[in-house]
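Since every read-out is calculated from the coordinates, none of them should be taken as a lab result. The structure presented is a predicted model; accordingly, all values stated were derived computationally and were not measured. We place every Cβ from the backbone using ideal geometry, glycine too, and count neighbours over all the protein chains shown.
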Amino acid sequence: MEIGLVIALLLAVLVGVALGLMGGGGSILTVPILTYVLGMGPKEAIAASLFIVGVTSAVSVFSHARAGRVRWKTGLIFGAAGMAGAFLGGILGGYIPGPVLMVLFAIMMIATATAMIRGRRKTADPTGEPRTLPVARILLDGFAVGIATGLVGAGGGFLIVPALNLLGGLPMAVAVGTSLLVIAMKSFAGLSGYLLSVQLDWPVVLAFTAIAIAGSFIGSALAGKVPETALRKGFGIFVLVVGGFVIFQEAPALVALFSGG
């Protein structure tokens, strides 16, 4: 077995831990691992990431549900709107150059990380209950995040968790659990769009997925035990660092693309 594949499969554990613990970060790790460690093309890596993250999230959501950390109604509405957006994004992503997709991916990561590190304004009412978002707002946010999900291969947790936590006022642990439901729904919709133009190495993808699922159980066990502020800021810093790395890696290819080099 090639050393690159061994390293990638070992790193798959981190993908699962990130999803189980933070409700996101799976694609943020998976796309760079598949691209820079296994040498997949950006579009193939994005499509593979959608499958890996979708399956891992679908398994992990049940661990969070047993602990009462999933808001099913909000998640299903958000996810349904996101599936429509993700399918559209997946189709569009097949026509955009790989370096452009990767840089768009990184820019969204950095913007979201900044919001997470800053934290949200106090939105709870005097009783301490989080405010309820209107259905129209949930649908709009879900569709917008869904397009991003399908377009750049992000399961969307790094956008969904902030949307649920910063806008919806859900406690961080509940936002994490609910996001996994949304991620699973949108990832499969985005994958459907990509599979119209991309072929995957299924043995590698399935092996990566199985190991990521094992890691997700570790992350789920840790979720809820980590203080909310530390989890939110840690999530933000993690996303910020990886976003900077992706831009650093892709900048030369992007410059060459637009300069005709």
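Please arrange ILE7, ILE33 by how many other C-beta atoms lie within 10 Å of their C-beta, fewest to most.
So the residues, fewest neighbours to most, are ILE7, ILE33.
Percent relative contact order of the chain, based on C-alpha pairs within less than 8 angstrom and at least six residues apart?
The value is 38 percent.
Given the -39500 (n - 2.57) contribution per DSSP H run of 4+ residues, what per-residue ellipticity at 222 nm results for the chain, rounded to the nearest 500 deg cm²/dmol?
Roughly -25500 deg cm²/dmol at 222 nm, from the helical runs in the chain.
Where does the chain land on Rg(C-alpha)/(2.2 N^0.38 Å)?
Dividing the Cα radius of gyration by 2.2 N^0.38 Å gives 0.94.
What number comes out for the charge environment of LEU191, summing +1 per Lys or Arg and -1 per Asp or Glu over other residues with Cβ under 14 Å away?
It works out to a net charge of +1.
Counting only other residues whose beta carbon sits under 13 Å from that of PHE105, what net charge do I get with K and R as +1, D and E as -1?
So the environment of PHE105 carries a net charge of 0.
Within a 10 angstrom radius of the beta carbon, how do LEU101, LEU34, LEU195 rank from fewest other beta carbons to most?
Listed from fewest to most nearby Cβ atoms, that is LEU195, LEU101, LEU34.
Collect residues whose amide H, placed 1.01 Å from N in the peptide plane, falls under 5 Å from the amide H of ILE96; neighbours closer than 5 in sequence don't count.
When sequence neighbours closer than 5 places are left aside, there are no close amide H contacts.
Rank these for me by crowding, TYR194, TYR95, going from fewest to most other beta carbons within 10 Å.
Listed from fewest to most nearby Cβ atoms, that is TYR95, TYR194.
What number comes out for the charge environment of ILE91, summing +1 per Lys or Arg and -1 per Asp or Glu over other residues with Cβ under 15 Å away?
So the environment of ILE91 carries a net charge of +2.
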